[in-house]
1. Count, please, the residues in segment 248-290 that happen to be without any contact (Cβ under 8 Å) to a residue 24 or more places away in the chain and among the hydrophobic types (A, V, I, L, M, F, W, C).
2. Exactly one of these conditions fails for residue 162: (1) surrounded by 17 or more Cβ atoms within 10 Å (Cβ to Cβ); (2) more than 22 Å from residue 297 (Cβ to Cβ); (3) at pLDDT 95 or above. Give me its number.
3. Is it true that some residue in segment 122-134 is of a type outside the set (Gly, Ala, Ser), at pLDDT 95 or above, assigned to a helix (DSSP H, G or I) and within 21 Å of residue 109 (Cα to Cα)?
4. Scan segment 270-307 residue by residue and report those that are more than 20 Å from the chain's Cα centre (by Cα), assigned to a helix (DSSP H, G or I) and not charged (D, E, K, R).
5. Here is a list: 263, 278. Which entry is of a type outside the set (Asp, Glu) and more than 14 Å from residue 37 (Cβ to Cβ)?
6. Exactly one condition in (1) polar (S, T, N, Q); (2) farther than 29 Å from residue 20 by Cβ; (3) touching a residue at least 60 places away in the same chain (Cβ under 8 Å) is not met by residue 223; state its number.
7. Cβ contacts < 6 Å: first residue at positive phi and small (Gly, Ala, Ser), restricted to segment 79-104; second residue assigned to a helix (DSSP H, G or I) and surrounded by 20 or more Cβ atoms within 10 Å (Cβ to Cβ), any location; separation 6+ or different chain. Result?
8. Checking residue 166 against (1) in a helix (DSSP H, G or I); (2) closer than 30 Å to residue 40 by Cβ, only one condition comes out false. Which one?
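The values are calculated or read from the model by the stated rules, or taken from the named source; none is laboratory data. This is a predicted model, so every value here is computed, not measured. Glycine also receives a Cβ, built like all others from the backbone with ideal geometry; neighbour counts cover every protein chain displayed.
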Amino acid sequence: MTDPIKTPVERYAFASFACTAASAATNPVDVTKTRMQLEGELALQRGHLSDTVHSRYYKGIVRGMITIVSDEGVRGLWKGLIPSMLREAVYSGIRIGAYEPMKVFLGATDPSNTPVYKKLTAGALSGGIGSSVAVPMDVIRVRLQAQGKLQPGQTHRYRGFWHAFTDIAKKEGFTGMYRGTTPTVQRAMVVTATQVTTYDHTKHTILNHGWMDEGPKLHILSSMIAGFMVAVTSSPVDVIKTRVMNQPIAGIPRDQRMYKNSLDCLIKLLKSEGWFGLYKGFIPNWMRLGPHTIISFFLFEYLRKVAGIRPV
């Protein structure tokens with residue numbers, strides 16, 4: 001098998017393709033998750049959790065998806081698909097493609113016996129770098145996915161991908177395109193450090209103990225575990241990222257905006273919605289990240305095998 005460190009083009013290309021395919025497949029769940037995270041934003045809910053849950057418009061992942069289809073048609077589940085795929089092509093191509101070289105840079109030369117802290121560090125660094133490049137696509141994705149059912153007399157904030165891109169650039173400038181960079185990079189570091197490290201460590205622990213052989217079954221099992229772990233660790237920062245990115249800022253003075261920054265969003269969210277607010281949309285987040293992780297790593301490993309590159 002070829003050393004993956006010496007085949008950077010293929011590695012980055014395979015990571016981009018695998019994660020873009022996974023993103024396309026899970027977009028309906030992603031749209032539902034975004035709606036659930038934004039619902040009841042900063043409502044005075046503390047102490048009234050039961051009432052809040054029962055009055056939700058998007059009542060869970062399945063009923064939420066049915067509601068979106070009922071209100072907006074099937075196309076509603078595919079809002080933000082173009083920026084989502086563009087984001088994955090760049091962001092995940094870097095975060096997964098750079099993971100192994102980053103491990104080697106940190107002194108890890110044996111894939112089967114690499115200390116966990118080096119894996120976590122490599123994942124966090126590669127995730128942060130990839131995310132910082134793809135923030136504009138993430139901003140557009142969130143805002144398009146957030147556009148739900150229109151009330152009488154209302155019009156959509158954006159007509160589509162290109163309108164969103166030009167409108168944000170014109171009205172909000174460079175800072176608007178990079179709205180929410182801090183929580184986005186933080187989330188990416190948490191996601192990649194958890195996801196790739198869990199997959200890598202789970203897989204090699206099983207191989208080292210001889211419980212399973214290298215192959216699709218092992219890849220799927222390792223991905224399932226990684227998908228659950230990344231949903232648990234990333235959900236709070238994902239909620240904050242979504243809200244900071246989605247808030248309107250054009251023509252609104254800084255001191256009158258809903259959130260000044262990610263820390264301000266966290267404090268306001270906890271005061272208004274409690275700890276429960278940090279895990280809004282957890283189930284759809286898990287249902288997105290689980291399949292997304294499985295598809296991504298399954299395709300990534302398969303393409304590496306076809307190209308004669310050794311497994312992760």
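1. Looking only at that region, the number is 5.
2. Every listed condition holds for residue 162 apart from (1).
3. yes
4. So in segment 270-307, the residues more than 20 Å from the chain's Cα centre (by Cα) come out as 270-275, 301-307.
With assigned to a helix (DSSP H, G or I) added as a condition, the list becomes 270-273, 275, 301-307.
Matches in segment 270-307: 270, 272, 275, 302, 303, 306, 307.
5. Working: 278 fails: more than 14 Å from residue 37 (Cβ to Cβ).
Exactly one residue qualifies, and that residue is 263.
6. Among (1) polar (S, T, N, Q); (2) farther than 29 Å from residue 20 by Cβ; (3) touching a residue at least 60 places away in the same chain (Cβ under 8 Å), residue 223 violates only (2).
7. The qualifying pairs are 80/141; 80/144; 80/145.
8. (2)
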